[in-house]
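The values are calculated or read from the model by the stated rules, or taken from the named source; none is laboratory data. Quick caveat: nothing in here was measured; it's all calculated off a predicted structure. Virtual Cβ from ideal backbone geometry, glycine too; neighbours counted across all protein chains shown. Accessible surface areas use protein heavy atoms only, side chains included; no ligands, DNA or RNA. Shrake-Rupley method; radii C 1.70, N 1.55, O 1.52, S 1.80 Å.
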Amino acid sequence: MDPLLSRFLAFLDASPTPLHAVHTTAARLTAEGYERIDESAPAFERPPGFRGFVVREGSLFAVRVGTKRPREAGFRVVAAHTDSPNLRVKPNPVLKSNGYVRLGVEPYGGLQIATWVDRDLGLAGAVYVRDGQGFRPVLIDVRRPILRVPTLAIHLNRGVNDDGLKLNKQKELPALFAQEVAAEADPLRALLAAEAAVEPADILTWDLSLYDLVPAALGGANGEFVFSGRLDNLGSCHAGLEALVSAEEAEQTAVLALFDHEEIGSQSHRGADSRALASFLSGVGGADGLEQALARTWLLSSDMAHAIHPAYADKSEPEHAPRMNAGPAIKQNVNVRYTSEGATTAAFVLLCERLGVPYQWYVHRSDLACGSTVGPMLSAQLGVRALDVGNPMLSMHSSREQCGSRDHAHMVKAMTGFFGLV
Ligand code: CO
């Protein structure tokens, strides 16, 4: 397999949660000579060539300072999101009834619930454990089929094929976890304690997600697809990471901004609708030169796009219906649900022409409500020119999605060129 694709599949498998995506990204950056920055240390301007990153739980911001200072050549920011819709474990999740133990879960983001049933599910995230007078997070990944949301047999649900599979999120979504445990036993706490190598009583709380255990794979008759969970938007995160570490030295300062919480609106201390990125840019660029730097800055917001669907082709705008493996889709919306407009789009088209990267257009059907990305809020907050692009995919927000295997290299190439965009 092509080395870039095998790194992509490995990244997808290693990243069942935003915490893991950030952990995986941080490990790669460290191996590439990036140093971890303490955000609470006094801000100071980083010298040319400096490489570093900060971590805020499920968000990560990395920088490679250009040969000129940011105030002289600006930032080239690639932004994407680390989170995907899934099922999250509640604080008091253990539900015992009819000889079963189920775990209460809350849907995170706009997931397609029916795609989570009858699958072998693992459990990953962080467990917060006592540490002296304080606490520490322990990253865990239970990569075994310990959970399942079983469907009701068709004999007991005769209308399912005509009515569709509908689950009540409170009553029918809790995941089956165990059987025949003592009344006082807490099998989740016991499992987590073993995973974190601590005593059950030392577990204070957790941020845990269920995930589909089937590994990412090349699919299709000729390997033209990638099948995996979380392609939206780990596809963009990984492309940005590859581009950052392989981009040639430039005058401009390259920034990779990976945000948690996009799927739930981005309003959090580490989301795109926060001061987090502005703080980071002023820290690495020098606060007194920030306005000059931002005036010279371009933002590339990358989030997966909707490919035309063979069975539902009429859901696409016929003249702006991207196909998989035909390059990044430039997303445009006149109401700025996507940021691309004349000047930024023209620059990107020229860039693609120069690099030999194919590109295409995405516009949502005019009679359907359009989605959005981190692009508009970042562009507005920072006051920087921006555009939105994304590789086309199917089954967005399903537990198992699909994109084109050749598009990943297209996006990496386009982003690599973007980091040097004048
Ligand atoms: Co997305």
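Look at (1) open to solvent by 10 Å² or more (accessible area, probe 1.4 Å); (2) aromatic (Phe, Trp, Tyr); (3) within 19 Å of Val374 (Cβ to Cβ) and you find that Phe50 fails only one, number (3). List, please: which pairs have Cβ atoms under 7 Å, are six or more places apart or on different chains, and start with a residue in segment 222-241 that is on the phi > 0 side of the Ramachandran plot and end with one that is within 10 Å of the ligand (Cβ to nearest atom) and open to solvent by 10 Å² or more (accessible area, probe 1.4 Å)? Filtered contacts from segment 222-241: Arg230/Ser84.
Scanning segment 226-235 for residues that are out of contact with any Leu (no Cβ under 7 Å at 6 or more places or on another chain) and open to solvent by 10 Å² or more (accessible area, probe 1.4 Å) turns up just one, Phe227.
Confirm whether Asp303 is over 27 Å from Ala343 (Cβ atoms), touching a residue at least 12 places away in the same chain (Cβ under 8 Å) and open to solvent by less than 20 Å² (accessible area, probe 1.4 Å). No, not satisfied. The residue pairs whose first member lies in segment 179-204 and is under 18 Å from Pro145 (Cα atoms) and in the same structural domain as Leu123 (by TED's automatic domain parsing), whose second member is among the β-branched types (Val, Ile, Thr) and modelled with pLDDT under 95, and whose beta carbons are closer than 6 Å, counting only pairs six or more residues apart or on different chains, are Pro187/Val181.
Quickly run through segment 246-260 and pick out the residues that are open to solvent by less than 30 Å² (accessible area, probe 1.4 Å) and either over 24 Å from His397 (Cα atoms) or more than 15 Å from the ligand (Cβ to nearest atom) (or both). Break it down into steps so the answer makes sense when it comes.
Here is the first cut: in segment 246-260, the residues open to solvent by less than 30 Å² (accessible area, probe 1.4 Å) are 247, 250, 252-260.
Those that are open to solvent by less than 30 Å² (accessible area, probe 1.4 Å) and either over 24 Å from His397 (Cα atoms) or more than 15 Å from the ligand (Cβ to nearest atom) (or both): Ala247, Ala250, Gln252, Thr253, Ala254, Val255, Leu256.
Restricting attention to segment 356-395, and to residues there that are hydroxyl-bearing (Ser, Thr, Tyr) and over 18 Å from the mean Cα position of the chain (by Cα), which single residue is nearest to the ligand (Cβ to nearest atom)? Checking each candidate, the answer is Tyr362.
Among the residues of segment 26-44, count how many are closer than 16 Å to Gly240 by Cβ and not in a loop (DSSP other than H, G, I, E, B).
Within segment 26-44, the subset closer than 16 Å to Gly240 by Cβ is 26-29, 32, 34.
Remaining after also requiring not in a loop (DSSP other than H, G, I, E, B): 26-29.
Selection size over segment 26-44: 4.
The set of residues in segment 104-140 that are open to solvent by 50 Å² or more (accessible area, probe 1.4 Å) and on the phi > 0 side of the Ramachandran plot comprises Asp118, Gly132.
For the structure I just gave you, tell me whether Asp207 is acidic (Asp, Glu), surrounded by 14 or more Cβ atoms within 10 Å (Cβ to Cβ) and over 27 Å from Gln112 (Cβ atoms). Walk me through how you get there before you give the answer.
Details: acidic (Asp, Glu): yes; surrounded by 14 or more Cβ atoms within 10 Å (Cβ to Cβ): yes; over 27 Å from Gln112 (Cβ atoms): no.
For Asp207, the condition - acidic (Asp, Glu), surrounded by 14 or more Cβ atoms within 10 Å (Cβ to Cβ) and over 27 Å from Gln112 (Cβ atoms) - is not met.
Here is a check on your reading of the model: is Val138 in contact with a Lys or Arg (Cβ under 9 Å, 6 or more places away or on another chain), under 29 Å from His81 (Cβ atoms) and either β-branched (Val, Ile, Thr) or in the same structural domain as Asp260 (by TED's automatic domain parsing) (or both)? When the stated conditions are applied, Val138 does not pass them. Number of residues in segment 169-191 that are farther than 18 Å from Asn86 by Cβ and not basic (Lys, Arg): the value is 12. What's the total number of residues in segment 66-107 that are in a loop (DSSP other than H, G, I, E, B) and within 16 Å of the ligand (Cβ to nearest atom)? Number satisfying all stated conditions: 4. The selection criterion, being buried (at least 24 other Cβ atoms within 10 Å of the Cβ), away from the ligand (no atom under 16 Å from the Cβ) and assigned to a helix (DSSP H, G or I), does not hold for Leu192.
Of the residues making up segment 248-289, those that are of a type outside the set (D, E, K, R) and closer than 15 Å to Lys68 by Cβ number 9.
The residue that is farthest from Gly420 (Cα to Cα), among those in segment 338-374 that are of a type in the set (D, E, K, R) and in contact (Cβ under 8 Å) with a residue 40 or more places away in the chain, is Arg365.
So, in segment 261-288, of the ones that are open to solvent by less than 10 Å² (accessible area, probe 1.4 Å) and within 16 Å of the ligand (Cβ to nearest atom), which residue ends up farthest from Phe53 (Cα to Cα)? Within segment 261-288, the match that is farthest from Phe53 (Cα to Cα) is Ser266.
Search segment 307-337 for residues being within 28 Å of Ala272 (Cβ to Cβ) and open to solvent by 70 Å² or more (accessible area, probe 1.4 Å), and hand back the single one that is farthest from the ligand (Cβ to nearest atom). Among them, the one singled out is Val334. Of the residues making up segment 151-182, those that are exposed (fewer than 10 other Cβ atoms within 10 Å of the Cβ) and within 13 Å of Val101 (Cα to Cα) are Glu180, Ala182.
Scanning segment 380-391 for residues being buried (at least 23 other Cβ atoms within 10 Å of the Cβ) and polar (S, T, N, Q) gives a total of 1. Candidates are the residues of segment 13-47 that are within 21 Å of Gly289 (Cβ to Cβ) and in contact with a strand residue (DSSP E or B) (Cβ under 9 Å, 6 or more places away or on another chain); the one that is surrounded by the fewest Cβ atoms within 10 Å (Cβ to Cβ) is Glu39. Residues that are among the aliphatic types (A, V, I, L, M), assigned to a loop (DSSP other than H, G, I, E, B) and modelled with pLDDT under 95 do not occur anywhere in segment 152-166.
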